[in-house]
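In what follows, a single structure is set out as C-alpha cells and then discussed.
Values in this text are rule-based calculations from the coordinates and carry no lab data. These figures come from a predicted structure and were not determined experimentally. Methodologically, a virtual Cβ is constructed for each residue, glycine included, from the backbone with ideal geometry; neighbour enumeration extends over all protein chains shown.
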Amino acid sequence: MSCAALMASGSLWRLCFGAPRPLSAYGRRISVRFCSSRMTLDNINRAAVDRIIRVDHAGEYGANRIYAGQMAVLGRTSVGPVIQKMWDQEKEHLKKFSELMVAFRVRPTVLMPFWNVVGFALGAGTALLGREGAMACTVAVEESIAHHYNNQIRTLMDEDPEKYKELLQVIKKFRDEELEHHDIGLEHDAELAPAYAVLKKAIQAGCSAAIYLSERF
Ligand SMILES: [Fe+2]
Ligand SMILES: [Fe+2]
C-alpha cells in the first residue's frame with residue numbers, strides 16, 4: 001500500500017505518531033510528509049527536537065515580521081519585488097515549521113508576541129535608513145540564521161543522520177535559501193548602509209539572544 005493510502009487509512013499515522021488525538025482546525029488541514037522517516041514521537045531525542053522545532057518556528061516567524069516591516073517602508077520602491085520574493089520564501093519556511101509543530105506536538109515559544117513587535121520594528125527601522133539599511137539587516141539576520149541552522153545540522157548528524165534524514169533535508173534546504181537571501185542583501189549594497197559594521201554586529205547580537213530565549217521559553 002502506498003504511503004498516501006496508508007496515511008489516508010490512518011494506519012501509518014498510528015504507526016508514526018501513535019493513537020490520533022484531536023487537532024485544531026489548522027492541524028486537520030496539514031499533511032505530515034515524514035512518511036519514510038524513522039522519526040516517530042517515541043524514538044526521537046524529544047528535548048533536542050522540541051528545541052529545534054520551537055526555535056526554528058520562532059526564527060522563521062521573526063523573519064516574516066522583519067520582511068513585513070521592510071515592505072511597509074520600501075514596498076513601493078524599486079527594491080520592493082526583491083524583498084517580496086524573499087518574504088514569500090520565509091512564508092514557506094514558517095508554514096513548514098508550523099506543520100512540524102503540530103505533527104511533533106511542540107509548543108511555540110511564549111515569546112511570539114514579542115517577536116511579532118520586535119521583528120516588524122527591526123525591519124521597518126532598518127528600512128527607514130534606506131534600501132542599504134534594509135539589506136544590511138537582511139545580511140546580518142540571514143548570516144545568523146544560516147549559522148544557527150548549520151549548528152542544528154551538526155547536532156542531528158551527531159545524533160542519527162538516518163533517523164533525522166527528512167528533518168535534515170528541510171533544515172539544509174532552508175539554510176541554503178537563507179544564504180541566498182544573505183547574498184541578495186550584499187548584491188543590493190548592504191555594505192553601503194550607514195555604520196554597516198556596527199549595525200550588523202548589533203543585529204547579530206540580538207539574533208543570538210533571540211535564539212537563546214526561543215530555545216528555552
Ligand atoms: Fe527562513
Ligand atoms: Fe531568509
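Ratio to report: Rg/Rh of the stretch 44-216, with Cα atoms as the point set and Rh obtained by the Kirkwood method; give two decimals. Spell out each step's value before the answer.
Numbers: Rg = 15.7 Å, Rh = 16.1 Å.
The Rg/Rh ratio comes out at 0.97.
Sort 170, 139 so the one with the fewest other Cβ atoms within 10 Å of its own Cβ comes first.
Ordered from fewest to most neighbouring Cβ atoms within 10 Å, 170, 139 come out as 170, 139.
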Query - Cα centroid of the stretch 55-125 to Cα centroid of the stretch 172-217, whole Å - result: 13
Query - Taking 159, 177 and counting other C-beta atoms within 10 Å, the order from fewest to most - result: 159, 177
Query raised in the report: For 52, 153, 66, 211, what's the fewest-to-most ordering of other Cβ within 10 Å of each Cβ?
Result: 153, 211, 52, 66
Report task. Return the sequence-ordered ³J(HN,Hα) values of the stretch 156-166 in whole Hz as given by the Karplus equation 6.51 cos²θ - 1.76 cosθ + 1.60 applied to θ = phi - 60°, using x for Gly and Pro. Result -> 5, 5, 5, 5, 5, x, 6, 4, 9, 3, 6
